[in-house]
Amino acid sequence: MSRKKIVAGNWKMNLDRAKAKELTAAVAARRGEAAAVELVLCPPALYVETVGAAIAGAKGTVGLGAQNMHDKASGAFTGEVAPPMLVDLGCQYVILGHSERRTLFGETDAAVNVKTKAALAAGLVPIVCVGETLEEREAGRTAAVVTGQVQGSLAGLSPAELEKIVVAYEPVWAIGTGKVATPEQAQEVHALIRGLLAKLSSPEIAARVRIQYGGSVKPDNAADLARQPDIDGALVGGASLKADDFLGIAKAFG
């Protein structure tokens, strides 16, 4: 089954507006270097409009995403961002359930599940993140933890809805630590996730869902990850803040 690879940059809480515009322009100008790969930029919420405008100026060759959202379309939720607001600014994607949201802000599988359904209802593609901590891996609980997160975060989605999502496997112990799962470790969990998706829908639909790897991905380790049969791209953190590194990773998956 041929799946178009997808490489998304999660800028987290970094850059200012001028640097966001500069980075977007640099990625868009060199977009042809990774023509076979779908590229997505996910800036901080305050810069979504700025980055969207820069992408539009480059003829829309790069996708736009957000790093989080509320599950309600509107209401008295001070400081939150609604799905229709993201759509209004041109977003096509939204990252949900990132480990930093889970560990620092207490997001549960149930909360991620509600957001995932809201994103789909708004026409956004959710990039749903799952992954175990170092303690959980060392205790031999990786499969159990990831299974629980996938089942909980995607509960109640129809097969047609499941086909529209992207899943990102991000072992928490590899995010921002410089450590990276070996290609074999990553592939093992990606295969597990695809099997879980098959049980939630069908093997045919599961074969069409893209599963990214995230966790200290860099140009020098991306090629080995890209060779694995169930790794369909990357959700890139720190390396996405430099056009050379981000595009180097994307080229590895092309």
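With the requirement that a residue be under 17 Å from the mean Cα position of the chain (by Cα), more than 20 Å from Ser158 (Cβ to Cβ) and among the charged types (D, E, K, R), what does the stretch 69-119 give you?
Glu100, Arg101, Arg102, Glu107
Out of the residues in the stretch 124-150 that are in contact with a helix residue (DSSP H, G or I) (Cβ under 7 Å, 6 or more places away or on another chain) and part of a loop (DSSP other than H, G, I, E, B), which is surrounded by the most Cβ atoms within 10 Å (Cβ to Cβ)?
In this case the residue turns out to be Gly131.
Any residue that is more than 19 Å from the chain's Cα centre (by Cα), within 25 Å of Ala222 (Cβ to Cβ) and not aromatic (Phe, Trp, Tyr) - is there at least one of those in the stretch 156-178?
Within the stretch 156-178, none of the residues are more than 19 Å from the chain's Cα centre (by Cα), within 25 Å of Ala222 (Cβ to Cβ) and not aromatic (Phe, Trp, Tyr).
Which condition from (1) acidic (Asp, Glu); (2) more than 18 Å from Asp244 (Cα to Cα); (3) surrounded by 16 or more Cβ atoms within 10 Å (Cβ to Cβ) is the one that Glu38 breaks?
Status for Glu38: all satisfied but (2).
Out of the helices (runs of 4 or more DSSP H) lying entirely within the stretch 43-123, which hold 3 or more residues that are buried (at least 19 other Cβ atoms within 10 Å of the Cβ) and not hydrophobic (A, V, I, L, M, F, W, C)?
Filter on the stretch 43-123 gives 99-105, 109-122.
Out of the residues in the stretch 164-205 that are among the charged types (D, E, K, R) and assigned to a helix (DSSP H, G or I), state the one that is surrounded by the most Cβ atoms within 10 Å (Cβ to Cβ).
The extreme case among them is Arg194.
Taking only pairs six or more apart or across chains, which ones have beta-carbon atoms under 6 Å, a first residue in the stretch 58-71 that is touching a residue at least 40 places away in the same chain (Cβ under 8 Å), and a second residue that is of a type in the set (Lys, Arg) and crowded, with 17+ Cβ neighbours inside 10 Å?
Listed pairs, sorted by first residue: Asp71/Lys115.
Among all residue pairs at least 6 apart or on different chains, which show Cβ distances below 6 Å where the first residue, located in the stretch 130-155, is at positive phi and the second is buried (at least 19 other Cβ atoms within 10 Å of the Cβ) and outside any helix (DSSP H, G or I)?
Pairs that qualify, where the first residue is at positive phi and the partner is buried (at least 19 other Cβ atoms within 10 Å of the Cβ) and outside any helix (DSSP H, G or I), are Gly131/Tyr169; Gly131/Glu170; Gly131/Pro171.
Here, each number is a calculation from the coordinates, and none is a lab measurement. Owing to the predicted nature of the structure, the values given are computational and were not obtained by experimental measurement. Positions of Cβ are generated from backbone atoms using ideal geometry, with glycine treated the same way; all protein chains shown enter the neighbour counts.
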